[in-house]
1. How far is the Cα center of the range 399-468 from the Cα center of the range 356-370, in Å?
2. What are the ³J(HN,Hα) couplings of the range 548-561, residue after residue, when phi is run through the Karplus curve with 6.51, -1.76, 1.60 and θ = phi - 60°? Round to Hz, x for glycine and proline.
3. Enter the Cα centre distance for the pair the range 87-139 and the range 300-333, rounded to the nearest angstrom.
4. May I have the extent of the alpha carbons of the chain along their three principal axes, as whole Å values ordered from largest to smallest?
5. Loop only by DSSP, 14 or fewer other Cβ within 10 Å of the Cβ. Give me the chymotrypsin sites (Phe, Trp or Tyr not before Pro) in the range 398-489 that pass, ordered by residue number.
6. When only Cα pairs under 8 Å and 6 or more residues apart are kept, what is the percent relative contact order across the chain?
7. Tell me which lysines have Cα within less than 17 Å of LYS590's Cα, excluding those fewer than 8 residues away on the same chain?
8. Just how far, in whole angstrom, is the range 525-586 from the range 607-637 if you go by their alpha carbon centroids?
Amino acid sequence: MLRETADRQANDQKQPVDSEARVGYQGEVGAFGEQAAAAHGGQPVPFASFEKLLAALGQGEIDEAVIPIDNAVVGAIAEALDPLAAAVVDGLDLVATGLTSVPVRLALAAKTGTPLRDVRRAFSHPAALRQCRQRLAGLGIEPVVAYDTAGAATLVAADASTDAAVCSRRAAERAGLEVLVEDVSDKEPNGTRFVHLRMADHARPQVSFAFLRAASLTATARLDVLTGATLLPLAGTADYPLRLWALGADAARLQALAPVRDVQVISLGAPAAHASKVAPKEGTEPAIKSLPHATARKAATVVEVGPFKVGAGARAMIAGPCSVESPEQMMRIAREVASCGATALRGGIFKPRTNPYAFQGHGLEALSWMKAASKEVGLPIITEVMAVDQVGPVAEHADVLQIGARNMQNFDLLRAVGKAKRPVLLKRGAGATTDEWLGAAEYVMASGEPRVMLCERGIRTFETSTRNTLDLGGMLAVRPLTHLPLLADPSHAAGRADLVEGLARAAWAAGADGLIVEVHDDPARALSDADQALVPSRFQELARALGLAPDARLSLAQLRAWVDSIDRDLAELVRRRLDVAKVIGESKKKTGKAVLDPRREAAVRRTYLESIRDKKLADRLVDALIEAARAQQSIEE
Ligand code: PEP
Ligand code: MN
């Protein structure tokens, strides 16, 4: 069960471990480290401290160790990295063989029957306590340090008080505690990355991971930008006041720059050194090395403004009219799109028009109309700025600034929005290559704004049946080069409403992090881009097809249609599951494998529980599915 959970989250950079391998972790059974230790199939072995864990690895008592390195809420886990750095500096010859991300849900658990209001103190590992400092403070609970999360659960169980533990649900259940709050993490989703370590003579490094010793901070300045590394300072020692760890660096580059900077690199894995022996990995090396911000090899950038969140799995739907035409028009359309699950409102107040006599936008006054609509429906606003002098006044009220296709290489404008302290949606120019697009993003980022979203909106080709050609190939080609969210605009690509849904679905299926779609409730009278606007009912169908979440502003009949379409999908998935289960049965019979596998069943239960979060419902669904699958496989209980 543990293995399956962590495995699905596990980074690709892992190497298979034989199931006999002993993998050490710090903490007790039920600790998050145990999940990481089991992730690649090894046998988890608990240790009381990181020092003991590393000593055991050095002495060959275990084959591998997992160490937590960073966490989504608190960043670097100094409690683990410091002893690791010390061991490495002392000469322990380790290599990093993999990374595993473990989703972290910090349950607040106490003795059965303890009311939450009676809990005054919560015990846990210091790193875990740092991840829920604010939530605990809000509950009036004092954090108390214990040596491990699961250990804290045991401690609380053995005590007669109303104290609580912050630990995994598994640890709480093992200790016989009742979970009072499912997750007290200050930020969700929470997660911790673990590095897998082996002795250098037993394994080959797979992950670029290094410690740096430097005499001053200036020595390491810009090393992150130049090598793509994540650099984080550690406590260090007297002879080397600064000691950092670097992850994901271009190892060869780091080694080359180090002597010049008076930095010593102690590498636990330099894939470049044996790169010629391994098959080239697709999509990790940025082609455009001269763009250190836009193409840095780092975790996906997430742009978040209230309910609008995009990147690293979060997807956005921006919708609204091409032009903001009147307060009423904006309000009506905002209500329509918000009720269908849009996460941000669009609308132009300054319009770039091919014809200078065409409607040019109502200007700043229209921004107040957008603002009113935004307030009413609770969604942030995105609007285009066309000139440097518009940036300040628009940024005062708009949540996200859009750079239109025509202005993608207006470098003064790019610099100005980069200083406006607002996220930027950067449209690709109709005649711009993907490199030029990334270069434009670099301008914005170099001016100070890291929250840039790239938006593919169609390029000009010989084709005349569409306004532009939506270049999903270009969008996909950019994906491995950048950590920035990638959006698609099917409306301006198509130029005609009848193609918008198809292009939107194609972009979504291709993995766009979000879409921006034009919607108008009276296209015939629209002041711009009338031909490509979706009417609200069509937008609703699209939102349904993409799996957005509607709200109660829709009529009961509309909501029922929504749920009916989910049922159709669900029924189809159940049928597919049964079909595959049948084939699995045939395969098992052929290979003589055990027909029933309780570990697999537990993994399935966990998958459903993770999504559904209601244990009773998840269990009932899994019971029904497993019973049906067994009938398919004609297995006798
Ligand atoms: C718009 O989004 O209203 C717009 C003008 O788009 P583009 O810059 O992509 O043409
Ligand atoms: Mn438009």
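The values are calculated or read from the model by the stated rules, or taken from the named source; none is laboratory data. Nothing here was measured: the structure is a model prediction, and the numbers come from that model. Ideal geometry is used to build each Cβ from the backbone, glycine not excepted, and the neighbour counts take in all protein chains shown. We work out accessible area using only protein heavy atoms, side chains counted, and drop any ligands, DNA or RNA first. Shrake-Rupley method; radii C 1.70, N 1.55, O 1.52, S 1.80 Å.
1. The distance from the Cα centre of the range 399-468 to that of the range 356-370 comes to 21 Å.
2. Each residue's phi maps through the Karplus curve to give 6, 9, x, 10, 6, 6, 6, 6, 4, 4, 5, 5, 5, 4 Hz.
3. So the two Cα centres are separated by 35 Å.
4. Here the spans come out as 80, 68, 58 Å, largest first.
5. Here the sparse-neighbourhood loop sites are PHE462.
6. 10 percent
7. Hits, sequence-local ones excluded: LYS582.
8. When both Cα centres are located, 25 Å separates them.
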